[in-house]
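This report concerns only the one structure given below.
The values are calculated or read from the model by the stated rules, or taken from the named source; none is laboratory data. All values reported here derive from a predicted model rather than from experimental measurement. All Cβ positions, even for glycine, are placed from backbone atoms using ideal geometry, and neighbour counts span all protein chains on display. For the accessible areas, the whole protein counts, side chains as well, though only heavy atoms, and no ligand, DNA or RNA atoms are used. Shrake-Rupley method; radii C 1.70, N 1.55, O 1.52, S 1.80 Å.
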Amino acid sequence: MVQVTFGNNPVTLVGQEVKVGDKAPDFKVLDNARAEKTLAAYAGNKLLISVVPSLDTGVCDQQTRKFNEAASELGEGYKVLTVSVDLPFAQKRWCGNAGVENVETLSDHYAVSFGDAYGVHMKEHRLLARSIFVINEASEVTYAEYVSEGTNHPDYDKALEALKAL
C-alpha cells in the first residue's frame with residue numbers, strides 16, 4: 001500500500017491502492033445538487049479525477065483552478081472531476097466564488113465511498129488524500145498518482161499528458 005503523510009505526519013489510508021491497468025472501482029458520491037453519482041454516470045468518457053482534502057485550502061484551491069483551466073481546452077468526451085469530503089453546498093459556493101465552471105465537484109462526505117474504493121481515505125482525518133486518477137472510456141485506470149505529502153501539489157503536467165494521450 002502506498003504511504004503518504006499529511007502535514008508531514010504519517011496517515012493510514014483506508015482501502016486498496018488503485019494501480020494503472022486496474023478496472024476503475026465504482027463509487028457513490030453527491031453532486032452539487034445532492035444527486036447521487038456513480039462511475040457509471042461517466043461511462044464512455046475520458047476522466048481525470050482530481051482528489052483533494054478540502055477546496056477551502058490553498059493547494060486544493062490551486063489544484064482545482066488549474067484543472068478547471070485545462071478542462072476548458074478539452075473537447076467532447078472528456079470530463080474533469082474534483083472529489084473531496086466537503087459538503088455539496090460548500091462545493092457549490094466555492095465553485096461560484098472561484099468562477100470554476102469546467103470541473104464537476106463531487107462530495108464524498110456521506111459514506112467516503114470514493115475514498116475507500118480508491119484507497120485515499122485518510123482514517124485519522126476523515127479527509128481524502130491528494131491524488132489524481134485518469135480513466136479511459138473502458139473504465140480502466142491509465143494513470144494514478146498518490147501525492148506523498150498531502151500539502152504538496154500533484155504533477156499537473158503528467159496527469160494532463162496522460163489524459164490527452166487517451
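How large, in percent, is the carbon and sulfur part of the accessible surface of the chain at a probe radius of 1.4 Å? Write out the running numbers ahead of the final one.
Details: 3590 of 7770 Å².
On the chain, the fraction of accessible area on carbon and sulfur atoms equals 46 percent.
Each part reduced to its alpha carbon centroid, the range 12-35 and the range 98-152 end up 7 Å apart. Pairs from the table (K46/K123; K28/K66; K19/K123; K28/K158) lying more than 23 angstrom apart at Cα are K46/K123; K28/K66; K28/K158. Under the simplified labelling scheme, the D56-K164 pair shows an inter-label distance of 3.5 nm, with each label point 7 Å from Cα along Cα→Cβ.
For the residues Y78, Y143, Y118, a 1.4 Å probe over the protein chains yields an accessible-area ranking, largest first, of Y78, Y143, Y118. Rg ratio for the range 22-157: its Cα radius of gyration over 2.2 N^0.38 Å, N being its residue count, equals 0.94.
Accessible surface for the chain, divided over its residues, is 47 Å² per residue with a 1.4 Å probe. Connecting C-alpha atoms closer than 10 Å in a GNM of the chain, tell me which of N45, N152, N97 has the biggest fluctuation. So, out of N45, N152, N97, the one fluctuating most is N97. Given the range 89-166, report the % of alpha carbon pairs whose separation exceeds 14 Å. Cα-Cα pairs in the range 89-166 separated by more than 14 Å: 70 percent.
Bridge orientation summary for the chain: considering DSSP beta bridges with both residues in this region, about 65 percent are antiparallel.
Sparse packing (at most 13 other Cβ atoms within 10 Å of the Cβ) combined with a DSSP loop state is found for the following trypsin sites (Lys or Arg not before Pro) in the range 1-89: K19, R34.
Across the protein chains, with a 1.4 Å probe defining accessible surface, the residues D22, D56 rank D56, D22 from largest area downward. With only Cα atoms counted, the range 8-58 has Rg and Dmax values of 13.9, 39 Å.
Can you work out the FRET efficiency for the pair S72 and Q3, with r the C-beta to C-beta distance and R0 = 45 Å, to the nearest 0.05?
With R0 = 45 Å, the Cβ-Cβ based efficiency is 0.85.
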